[in-house]
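**Q** This is the structure I want to talk about, given as structure tokens.
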Amino acid sequence: MGSLRYLTAGESHGQALTAILEGLPSGIPLSQEALDAELRRRQGGHGRGARMQIEQDHAEILSGVRQGKTLGSPMALLIKNTDASLDRLPRVTHPRPGHADLTGALKYDHDDIRNVLERASARETAARVAVGALCKQFLAPFDITLLSHVIAIGSVRAKTVDTTEWSKLREAAERSPVRCADAQAEKRMMAEIDAMKAKGDTLGGVFEVVAVGVPPGLGSYVHYDRRLDAIVARAVMAIHAVKAVEVGEGVGGAATPGSGVQDEIFYAKTRGFYRNSNRSGGFEGGMTTGQPVWLRGYLKPLSTLMKPLRSVDIETKAEVQATVERSDVCTVPAAGIIGEAVVAFELANALLEKFGGDSLGETKRNYENYLKQMKAF
């Protein structure tokens, strides 16, 4: 499927995070400033912990670029850790409920949970955001843009926003400390985060990712593993602490009659085929419809609590309190940024699967011919 693939490596307190991205066509103009801006976005948000003040993430591109443009060869990225203290950190034997700690130690036969939690840490998502930032720069010449915003944190839910003006929604979210476009809900979210911090507890919530400008026909209905809605849902589900993914009005639609769920089809000579609603989230039959792609990730509260839960020492088997690692109270705003990155990768991969091309120019020619075919249908 497609031609893009990436791998990340590195531990939370190791020397660095690294990523290799293979398959981007040649000739894509890249901005280092835009790349680092995405990493800064990931580090923001009310409720983040002290680690975000320690690290000033910068992604160094080690290969695959010359004179500001991609070469078509594999790209290597390096994000150095300021807090690179892995070998000096103490042994851990008290697993945290809800984290990879215990199961990871059992699976890989570790008697020190440090060997698990360093790689299982959400610090790894910085590398995914860097990869996604490159994919966004590939999508930009095709007028495909992504945004995210927070729908809910804890018990506070934002009011429904106007989805006809995406630029205003993006601007409102970027101004907000919790990346919520509803100013009133924003204040209540921040208050709830502060209350949980005082209690030594954590909060989850819901973020929404939107991709605008996606053409119809990416993905396919012919095999289960080519259905693009399933592919992007898997990508969002793979973000740390995400426990559910909703595409379009998937949850609400399950309790709604079919007449209130489907997006009716219209035609006008000047517009071609179009819809007046987008309850499907931009997908039908596993393919994009040409409407904005949108989906939601549901984040559970983080596993590290300042007032830890009960656990068992993996060595002595005695009842203990779980390990306390430096952590955040709430990462829902940051999770939206990670969501943008992983969706950008999957859309870029689907675009290349559909249109091919070893250079940006070749891919664009194929894309533009396809759009002409759509208009002539």
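The values are calculated or read from the model by the stated rules, or taken from the named source; none is laboratory data. Since the structure is predicted, the reported quantities are computational estimates derived from the model, not experimental observations. Quick reminder, even Gly has a Cβ in these numbers, built from the backbone with ideal geometry, and neighbours come from all protein chains shown.
**Q** Find the strands (runs of 3 or more DSSP E) located wholly in region 258-359 whose residues include 2 or more that are more than 16 Å from Glu246 (Cα to Cα), and list them.
**A** 265-268, 272-275, 310-312, 319-321
**Q** OK, next. Just wondering, is there one or more residues in region 198-208 that are farther than 30 Å from Lys372 by Cβ, touching a His at 6+ places or on another chain (Cβ under 7 Å) and either surrounded by fewer than 20 Cβ atoms within 10 Å (Cβ to Cβ) or not hydrophobic (A, V, I, L, M, F, W, C) (or both)?
**A** The answer is yes, given that some residue of region 198-208 is farther than 30 Å from Lys372 by Cβ, touching a His at 6+ places or on another chain (Cβ under 7 Å) and either surrounded by fewer than 20 Cβ atoms within 10 Å (Cβ to Cβ) or not hydrophobic (A, V, I, L, M, F, W, C) (or both).
**Q** Return the residues of region 189-219 that are in a helix (DSSP H, G or I) and either within 19 Å of Ser3 (Cβ to Cβ) or of a type in the set (Val, Ile, Thr) (or both); say none if nothing qualifies.
**A** The answer is Ile193, and nothing else.
**Q** Quick one: which residue in Ser176, Ser155 is surrounded by 19 or more Cβ atoms within 10 Å (Cβ to Cβ), closer than 15 Å to Val332 by Cβ and either among the hydroxyl-bearing types (Ser, Thr, Tyr) or in contact (Cβ under 8 Å) with a residue 12 or more places away in the chain (or both)?
**A** The conditions single out Ser176.
**Q** Of the residues Gly272, Gly285, only one is surrounded by fewer than 18 Cβ atoms within 10 Å (Cβ to Cβ), modelled with pLDDT of 95 or more and within 17 Å of Pro215 (Cα to Cα); which?
**A** Of the residues listed, the single one that is surrounded by fewer than 18 Cβ atoms within 10 Å (Cβ to Cβ), modelled with pLDDT of 95 or more and within 17 Å of Pro215 (Cα to Cα) is Gly285.
Yes/no matrix, rows are residues, columns are (1) touching a helix residue (DSSP H, G or I) at 6+ places or on another chain (Cβ under 8 Å); (2) modelled with pLDDT under 95; (3) over 29 Å from Arg179 (Cβ atoms):
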{"residue": "Thr289", "(1), (2), (3)": "no, no, no"}
{"residue": "Pro292", "(1), (2), (3)": "yes, no, no"}
{"residue": "Thr304", "(1), (2), (3)": "no, yes, no"}
{"residue": "Val329", "(1), (2), (3)": "yes, yes, no"}
{"residue": "Ile338", "(1), (2), (3)": "yes, no, no"}
{"residue": "Ala344", "(1), (2), (3)": "yes, no, no"}
{"residue": "Asp358", "(1), (2), (3)": "no, no, yes"}
{"residue": "Tyr370", "(1), (2), (3)": "yes, no, yes"}
{"residue": "Lys375", "(1), (2), (3)": "no, yes, yes"}
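**Q** Just to be sure I understand, how many residues within region 147-188 are of a type in the set (Lys, Arg), in a loop (DSSP other than H, G, I, E, B) and more than 22 Å from Thr304 (Cβ to Cβ)?
**A** 1
**Q** Can I ask one more? Tell me the helices (runs of 4 or more DSSP H) entirely within region 45-137 that contain at least 2 residues that are among the small types (Gly, Ala, Ser).
**A** It comes to 101-108.
**Q** I need a count of the residues in region 270-285 that are in contact with a helix residue (DSSP H, G or I) (Cβ under 8 Å, 6 or more places away or on another chain) and more than 16 Å from Val236 (Cβ to Cβ).
**A** 2
**Q** A further question follows. Within region 220-257, track down each residue that is more than 13 Å from the chain's Cα centre (by Cα) and part of a loop (DSSP other than H, G, I, E, B).
**A** Ser220, Tyr221, Val222, His223, Arg227, Gly248, Glu249, Ala254, Ala255, Thr256, Pro257
Matching residues to (1) in contact with a Pro (Cβ under 9 Å, 6 or more places away or on another chain); (2) of a type in the set (S, T, N, Q); (3) farther than 18 Å from Arg310 by Cβ; (4) at pLDDT below 95:
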{"residue": "Pro90", "(1), (2), (3), (4)": "no, no, yes, yes"}
{"residue": "Arg96", "(1), (2), (3), (4)": "yes, no, no, no"}
{"residue": "Asp101", "(1), (2), (3), (4)": "yes, no, no, no"}
{"residue": "Arg114", "(1), (2), (3), (4)": "yes, no, yes, no"}
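**Q** Moving on to the next point. Please find, within region 1-35, the residue that is surrounded by the most Cβ atoms within 10 Å (Cβ to Cβ) out of those that are charged (D, E, K, R) and either touching a residue at least 12 places away in the same chain (Cβ under 8 Å) or within 17 Å of Ala235 (Cα to Cα) (or both).
**A** Glu11
Each row is one residue, and each column tells you yes or no for (1) over 23 Å from Thr103 (Cβ atoms); (2) among the basic types (Lys, Arg); (3) touching a Pro at 6+ places or on another chain (Cβ under 8 Å).
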{"site": "Pro257", "(1), (2), (3)": "yes, no, no"}
{"site": "Phe266", "(1), (2), (3)": "yes, no, no"}
{"site": "Arg279", "(1), (2), (3)": "yes, yes, no"}
{"site": "Glu284", "(1), (2), (3)": "yes, no, no"}
{"site": "Trp294", "(1), (2), (3)": "yes, no, no"}
{"site": "Leu299", "(1), (2), (3)": "no, no, no"}
{"site": "Ala318", "(1), (2), (3)": "no, no, no"}
